[in-house]
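Each remark here refers to the structure printed beneath this line.
The values are calculated or read from the model by the stated rules, or taken from the named source; none is laboratory data. In this text the structure is predicted, and so the values were computed from the model without any measurement. Using ideal geometry, Cβ is built from the backbone for each residue, glycine included, and neighbour counts are taken over all protein chains shown.
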Amino acid sequence: MVALNRRTLLGSAAGLAAAGIARPAFAADRLSVRLDWLTWGVHAPFHLAAAKGWFTRHGLDVSLEDGNGSVTTVQLVSNGQFDIGHCAQGPMMMARSKGAPVKAVASFMRTNDIGLMMPKQLGITTIPQLKGKKLAYTAGSLEAPFIDRFLAAGGLTRSDIELIGVDGAAKPGVVISGRVDGVFSAIPNLLPTIDAQKPAMALRFSDYGLKFPSFGLIATEKTMAEKADAAKRFVSVVAGAWTYIFNGHEEEGAQAILNARPQAKLPLALMRSQLDLIKTFFETEATKGMMLGMMALPDWEAGVKTLTEANLLETPQPAANYFSNALLDQGIVNAVAHSGA
């Protein structure tokens, strides 16, 4: 897949007029934000917040750029090219262990979203049933270091399966066409695409002890210090937008994605299916009852353990060093979530 080489300015005069909102007399605080990838369901809160004028109401002028992978987003935020990034937290943790001055400032998909997807017709529900099957993965992706441990949870090794490498963009096709029996990848992104052509299911890595936080927002310590107020408003608006979406406005969130990225020509049903799956990764035992976006130390302790055992953290740090809840304002989150303010 090729990343969109474009930047969308949110809070423009045209956008405000469409929302029926007058531009504030004061100068809004500018923030540059890099997303994880091309258009998919996890981008709903950003586009909905822009369409409804929530960023502008909270004094923000946000530039939002599509991405080409979480690793790249972490790198660009780390070197100061963007104020805030939206990405999978595993790559952020790996970068921080190598000295990058980044940390999580909100976590939405608070558990590992990677897994193995297969057609339902195979009738596979356990790891031992994978023996002899042909499975695809992408070398260099976040799933790769965990495949052996996933198989071991069911008493298998790589010699028990046929593992083939494919490009990330080819994953849906190789499963749908029957060239492979299953594919490893991020479940909310890929499963709805496969399922639309061939009913499919997934085995989640997190169900087999491979736990670490997934998609959320990151920032450098410099941004957290020098742009704390603006960053707090942005992070809180996004958290509120997610809460609003999952308070019965999923269709509105899905439509906001399509309105913001019409050139992607994505089906509304696909965006809805992705959102429905995304929601199932939002809560962990440690975050039950917590405001969306807030992070719990046990989840990060589990993440450090999982990534350390996979030899992905060059210099492991205490779990508390990887995240901060300081940029979440409950008042703003509640205002956006419940009244759209």
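Some points to look at:
- Verdict on Val183 being touching a helix residue (DSSP H, G or I) at 6+ places or on another chain (Cβ under 8 Å), on the phi < 0 side of the Ramachandran plot and not in a helix (DSSP H, G or I): yes
- Among the residues listed as Met271, Met291, the single one being of a type in the set (A, V, I, L, M), in contact (Cβ under 8 Å) with a residue 12 or more places away in the chain and surrounded by fewer than 23 Cβ atoms within 10 Å (Cβ to Cβ): Met291
- The lone criterion from (1) on the phi < 0 side of the Ramachandran plot; (2) modelled with pLDDT of 95 or more left unmet by Gly155 is number (1).
- Restricting the search to helices (runs of 4 or more DSSP H) fully inside the range 221-314 and requiring at least 2 residues that are among the small types (Gly, Ala, Ser) and out of contact with any Asp or Glu (no Cβ under 8 Å at 6 or more places or on another chain) gives 228-245, 250-260, 297-309.
- Filtering the range 25-43 to residues that are touching a Gly at 6+ places or on another chain (Cβ under 7 Å), aliphatic (A, V, I, L, M) and under 17 Å from Ala186 (Cα atoms) leaves only Leu35.
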